[in-house]
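Peer 1: Shown below is the structure under consideration.
The values are calculated or read from the model by the stated rules, or taken from the named source; none is laboratory data. These numbers come from a predicted model, not from an experiment. Each accessible area value is taken on the protein alone, full model and side chains, heavy atoms only, with ligands, DNA and RNA left out. Shrake-Rupley method; radii C 1.70, N 1.55, O 1.52, S 1.80 Å.
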Amino acid sequence: MTDPTRIPVIIGVGEIADRPDVLGRGPIGPEPAALMAEALARADRDAGGGWLSRVASLDVVNAVSWPYADLPARIADFIGHRPARLAYGPVGGETPVRFLHEAARRIARGEAEVAALCSGEAEHSAGAARRAGLKPERDAAPPWTAPDPAWTNPRARDYLHPQALRHGLSQPVVVYPLYETALQAAWGQTPRQGRDESALLGAAMSRVAAENPSGWLRRPFTADEIATPSAANRPIAWPYPKLMVANPVVNQAAALIVTNLALARAAGLPEHRLVPVGPGAAATEPRDWLSRDRFDHAPAQDAVLAATLRRAGLTPADLAAIELYSCFPCVPKMARRSLGLPADSVPTVAGGLTFFGAPLNGFMAHAACAMVRRLRDAPGAAGLLYGQGEFVTKHHALVLGGRPRVPDDAPVSVQDEADRRRGPVPPVIEAATGRAIVETHTVLFDREGAPDRGVVVLRQGGSRLLARVPAADRATLAVLTDLDRSPVGRDGTLWTALDGLLEWEAA
């Protein structure tokens, strides 16, 4: 420990879960900005009060459930204070971890004495309003901020390969299954074994969420419930049913307040409530998922996790708590193996994005709040936060707890190491005939649980291509959904359909 004015510590955390079953409330709850302001107020109270008016830097996680013209300014209006630095981040599930890391480094450099970050969404209320034909800016009590008519959805995917867009593979829920299928084959699992691992992991996470007062689904689920398709657990994209995908239809917000150790002590805050912010690291994969070397590893994830622990002087066995991003099972399963954690480890303190809830980009702010509470009960212990964004694309990890320290000046990025771990990328071709083998695949289902189509990523020679499997080709769909034999490596025949897309039939 050195100069306490340069040592960043978390002093306050606040969360809110505005559930629709609250008595006496109409169908539309508070707007996202109001939820974030309430989370900041709760974080301020958690820190003893009087800190919000001293916040010099406020980072706001990108919110998608309502079209604001200037969300940070609206939050400042709600809290009655405009920090000197107001920043709004891009879309990405890793951004709360990055904001927390950057706030700590800002404190250490003396650029701010008090910093905060917040996230929040009201997708549940916004969806309920749409279904009821209501306008929150008119019909909510109080009315929501007027929507910005010039707002554009920040989740545009124009950076993806045209073939990915033509085949409808532009949303996370249909891309992560490609990783799951490839990983199962690489790990020597049958699809049934991979499904069962995902279900056991989800069941363990649901038990954590059930005990979290800020969680959305407040009951534990069994592995059988999670693995078995049903009316309440319809198949979404093979091999994932609903209870294996992130749940964004929530009203949740979170906030954290960071200051330096000297100020926290001067305020008389108990030492055990001050959670140091340790080192971290970040890296990315190529943004276009079709332009990656393979789908059975994530070099950026491996590099980030290894570098973060190395910089902290820790091993996985030293960690008292872990939150591994869990939008889909493949992500924590990969990270768990990268860290060498036991198969029965439960890598969450909040409850995961299915069961705790996935307020779009904000889940890791809630995870950080849960981590702070856990570490306050174990002074001196350390925990790991790992967030991820887009399509296994953006990775950021951060250590909380442990000994108080001044952040070093090492670059946060470990991109060079991530790139070194990556192999050659096969060229993507759009036209082909003849034979091709499966690299990975998914099957997309309609809302009644019937297959809509399959999509296969194929290899032909040294090239990669995408092809469709029509719903009418039941034999090939049966091959793709066989629980006891992976189709990865399976041979088949290509041709061009009338609409110009390639189609594939299993041999």
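Peer 1: With every protein chain present, what is the per residue accessible area of segment 428-507 (1.4 Å probe, Å²)?
Peer 2: Working: 3630 Å² over 80 residues.
For segment 428-507, the solvent-accessible area averages 45 Å² per residue.
Peer 1: Right, another one. Leaving out ligands, DNA and RNA, what percent of the accessible area of the chain is carbon and sulfur, probe 1.4 Å?
Peer 2: Details: 10150 of 19070 Å².
In the chain, the share of accessible area belonging to carbon and sulfur is 53 percent.
Peer 1: What is the mean projected area of the alpha carbon convex hull for segment 185-229, to one decimal in square nanometres? Working shown, then result.
Peer 2: Details: hull surface 14.2 nm².
Taking a quarter of the hull surface, the average projection is 3.6 nm².
Peer 1: While we're here: For segment 76-183, what value does the Rg/Rh ratio take when both radii are computed over Cα atoms and Rh is the Kirkwood radius, given to two decimals?
Peer 2: Numbers: Rg = 19.1 Å, Rh = 18.1 Å.
In segment 76-183, Rg relative to Rh is 1.05.
Peer 1: Please quote Rg/Rh for segment 451-507 to two decimal places, taking the Kirkwood radius as Rh and restricting both calculations to Cα atoms. Walk me through the intermediate numbers first.
Peer 2: On the way: Rg = 11.1 Å, Rh = 11.7 Å.
On the Cα set of segment 451-507, Rg over Rh gives 0.95.
Peer 1: Please report the projected area of the chain's Cα convex hull averaged over all directions, in nm². Please report the intermediate quantities before stating the final value.
Peer 2: Numbers: hull surface 93.2 nm².
The Cα convex hull of the chain, projected and averaged over all directions, gives 23.3 nm².
Peer 1: Suppose we keep just the alpha-carbon trace of segment 258-403; what are its Rg and Dmax in angstrom?
Peer 2: In order Rg, Dmax, the Cα atoms of segment 258-403 give 15.7, 53 Å.
Peer 1: Quick one: in segment 269-327, what % of C-alpha pairs are over 17 Å apart?
Peer 2: Values: 946 of 1711 pairs.
More than 17 Å apart: 55 percent of the Cα pairs in segment 269-327.
Peer 1: Another question about this same structure. Can you compute the equivalent ellipsoid semi-axes for segment 183-312, i.e. the square root of 5 times each eigenvalue of the Cα gyration tensor, sorted largest first and rounded to whole Å? The partial results should precede the final answer.
Peer 2: Values: eigenvalues 243, 121, 38 Å².
Its equivalent ellipsoid spans semi-axes of 35, 25, 14 Å.
Peer 1: Roughly how tilted is helix 363-376, in degrees to the nearest 10 and between 0 and 90, from the longest Cα axis of the chain?
Peer 2: 50
Peer 1: A further question follows. Which three numbers, in whole Å and largest first, are the semi-axes of the equivalent ellipsoid of segment 118-230 derived from its Cα gyration tensor as √(5λ)? Spell out each step's value before the answer.
Peer 2: Working: eigenvalues 234, 123, 28 Å².
Working through the eigenvalues yields semi-axes of 34, 25, 12 Å.
Peer 1: Still on this structure, please answer the following. Mind checking Rg over Rh on segment 387-507, alpha carbons, Kirkwood formula for Rh? Walk me through the intermediate numbers first.
Peer 2: Numbers: Rg = 20.5 Å, Rh = 17.5 Å.
My calculation of the ratio gives 1.17.
Peer 1: Expressed as cubic angstrom per residue, what is the convex hull volume of the alpha carbon set of segment 1-107?
Peer 2: Details: hull volume 14.3 nm³, N = 107.
Dividing the Cα hull volume of segment 1-107 by its residue count gives 134 Å³.
Peer 1: With every protein chain present, what is the per residue accessible area of segment 1-68 (1.4 Å probe, Å²)?
Peer 2: Details: 2360 Å² over 68 residues.
Each residue of segment 1-68 exposes 35 Å² on average to a 1.4 Å probe.
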